[in-house]
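What follows is a set of notes on a single structure, which appears directly below.
The values are calculated or read from the model by the stated rules, or taken from the named source; none is laboratory data. All figures in this text were calculated on a predicted structure; none of them were measured in a lab. Quick reminder, even Gly has a Cβ in these numbers, built from the backbone with ideal geometry, and neighbours come from all protein chains shown. Side chains are part of the model used for accessible areas, which takes the heavy atoms of the whole protein and leaves out ligands, DNA and RNA. Shrake-Rupley method; radii C 1.70, N 1.55, O 1.52, S 1.80 Å.
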Amino acid sequence: MTTLPRPAITLTADDARRIALRAQGFLGAPDRRGGVRGVLRHLGAVQLDTISVLARSHELVPYARLGAVGRKTVEDAYWNPASAGRSPGRPHAFEYWSHAACILPVEEWPHFAFRRRAYRNRPHWNHELPDGAYDQVVKQLRAEGPLTATELGGAKRTSEWWDWSGAKVAVERALMYGEVVCVERRGWKRVYDLAERAVPDALLGDDLADTECLRRLVRLAGESLGVGTRADIADYHRLKGEQVDAVIADSGLVPVEVEGWGRPAWADPAALAAPPRGRHRTTLLSPFDSLIWERARTERIFGFTHRLEAYVPKPKRVYGYFAMPVLAGGRLVGRVDPAREGRTLVAKQVTLDGPKAVPSVAQALIEAAAWVNCTDVRVERVDAPDLREPLARELARALA
């Protein structure tokens with residue numbers, strides 16, 4: 001790392017936690033006028049994932065901040081074209097590789113020029129590109145408009161997930177290069193279109209140098225986090241530490257010290273300008289929510305160790321397949337591993353951080369059940385047996 005500047009101020013650990021909560025949209029009144037699109041712009045990236053238990057992660061993220069916004073409303077907000085100020089058919093968002101596969105505000109298209117160039121210069125790929133396939137998919141998209149890989153000639157050659165067809169290899173390569181953009185998910189399939197048609201002209205032609213891309217992404221990550229270490233900021237859009245080092249001095253972020261963190265940190269100056277105040281949200285969180293997606297940061301800020309166990313063999317799971325942390329009062333107070341059976345939300349496993357967490361966990365379960373059109377909640381297992389009855393009473397009272 002380069003020589004670090006002297007911290008401008010020192011924050012307590014609680015100060016940093018509240019700043020992070022407000023920056024992520026969990027402290028203070030939700031921006032209901034901005035809605036789902038406002039959440040996306042505010043966070044800068046919403047991670048996608050194939051797992052759907054309560055709902056898919058990109059649906060859970062705005063729900064956690066706004067409450068029971070309709071799931072169709074969420075999808076429409078991400079993918080339906082703008083009606084004012086843009087050409088017809090131009091999307092609000094696009095999918096690209098950021099923290100992982102993420103939905104990104106279309107305004108961030110120029111910021112990923114450095115990554116598109118890096119992909120073009122990549123010396124090797126996992127899938128070989130058949131001769132003529134790349135030109136063919138571009139030609140077909142130009143002639144026919146937005147298409148899925150299946151519509152382009154098939155996503156796979158066999159039933160194996162990794163055995164992509166030539167058309168799939170070509171269109172994914174074009175996506176990485178930026179000649180093609182994913183403008184929608186349809187039945188969880190990517191829908192591809194030419195970037196020249198989908199991305200507004202002013203953004204498409206804004207070809208930023210690598211250093212400027214990195215500077216903007218570091219600044220945006222700092223704003224979305226509120227306060228973070230070098231590793232936190234790098235992880236937000238999966239940058240390298242040395243890339244952060246190269247631009248952070250010019251990013252506009254302020255060097256700070258956070259008590260107990262034991263490492264340098266930077267904060268959004270706007271986050272330091274006014275103390276974070278307001279009402280805390282009580283909700284279930286997707287394990288892929290940007291508040292908690294970086295596990296070391298989650299442990300540092302909340303003292304909460306969490307791992308996704310979906311890919312852990314069942315006998316070795318501790319908290320469950322898709323255990324969702326429960327946020328309440330600005331703290332992570334428990335976990336729920338959910339499932340649905342008809343109109344019943346099933347809490348297959350519940351972990352509570354003591355008796356005081358019972359009302360909050362019950363509230364989070366009731367609200368989540370209503371959001372996914374469940375009329376009942378059933379608890380199968382509570383890790384602390386003495387809290388099972390208090391939780392059942394709280395749920396019965398709320399459902400009555």
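Go ahead and set up a Gaussian network model of the chain, Cα springs under 10 Å, then flag whichever of 90, 186, 263 fluctuates most.
186
Give me the percent of DSSP beta bridges within the chain that run antiparallel, rounded to the nearest 5. Mind dumping the intermediate values first?
On the way: 40 of 48 bridges.
Rounded to the nearest five, the antiparallel share is 85 percent.
If the chain between residue 238 and residue 72 were fully stretched, how many nm would it gain, using 0.36 nm times the residue separation less the Cα-Cα distance?
Working: separation 166, 0.36 × 166 = 59.76 nm, distance 2.95 nm.
Between residue 238 and residue 72, full extension yields 56.8 nm more.
Please state the relative contact order of the stretch 231-308 as a whole percent: Cα pairs under 8 Å, 6+ residues apart? Show your work: numbers first, answer last.
Working: 47 pairs, mean separation 15.3, N = 78.
It comes to 20 percent, rounded to a whole number.
Can you work out the PRE-style zone for residue 80? Point 7 Å along Cα to Cβ, and I want the residues of the stretch 86-128 with backbone N under 18 Å.
Counting backbone N atoms under 18 Å from the label point, the list is 86-94, 106.
Along the Cα→Cβ direction, 7 angstrom out, place labels at residue 101 and residue 277. What is the inter-label distance in nm?
4.4
Rg/Rh for the chain: what does it come to with C-alpha atoms and Rh from Kirkwood?
Numbers: Rg = 22.2 Å, Rh = 22.6 Å.
On the Cα set of the chain, Rg over Rh gives 0.98.
Which angle between 0 and 90 degrees, to the nearest 10, do you get for helix 210-225 versus the longest principal axis of the chain when only C-alpha atoms count?
Orientation of helix 210-225: about 20 degrees from the principal axis.
Measuring from label point to label point, each 7 Å out along Cα→Cβ, what is the residue 249 to residue 33 span in nm?
The answer from the label model is 4.1 nm.
At a 1.4 Å probe, what is the % contribution of carbon and sulfur to the accessible area of the chain? Don't skip to the answer; put the middle values down first.
Numbers: 9070 of 18240 Å².
Heavy-atom surface of the chain belonging to carbon and sulfur, 1.4 Å probe: 50 percent.
Output needed: percent of Cα pairs per 10 Å distance bin for the stretch 312-400, bins running from 0 to the one holding the longest distance.
18, 54, 26, 2
Roughly speaking, what is the stretch gain from residue 312 to residue 150, that is 0.36 nm per residue apart minus the C-alpha to C-alpha distance, in nm to one decimal?
Values: separation 162, 0.36 × 162 = 58.32 nm, distance 3.12 nm.
Answer, rounded to one decimal: 55.2 nm.
Can you list the aspartates and glutamates whose alpha carbon sits under 14 Å from that of residue 72, skipping same-chain ones fewer than 8 residues off?
The qualifying aspartates and glutamates are 59, 184.
At 7 Å along the Cα-to-beta-carbon direction for both residue 163 and residue 397, put a label point, then send me their distance in nm to one decimal.
5.8
Using alpha-carbon positions, what is the distance between the centroids of the stretch 24-44 and the stretch 135-185, in Å?
When both Cα centres are located, 33 Å separates them.
Just for the Cα atoms in the stretch 288-347, what are the lengths along the principal axes, largest first, rounded to whole Å?
37, 28, 17 Å, listed from the longest principal axis down.
Work out, step by step, the length gained on full extension between residue 196 and residue 42: first 0.36 nm times the residue separation, then minus their alpha carbon distance; give nm to one decimal. Each step should come with its number before you reach the end.
On the way: separation 154, 0.36 × 154 = 55.44 nm, distance 2.57 nm.
Full extension of this stretch gives 52.9 nm more.
The stretch 163-252: which chymotrypsin sites (Phe, Trp or Tyr not before Pro) are DSSP loop and have at most 14 other beta-carbon atoms within 10 angstrom? All intermediate terms of the calculation are to be shown ahead of the outcome.
Details: sites: 164, 177, 188, 192, 236; in loops: 188.
Sites meeting the loop and neighbour criteria: 188.
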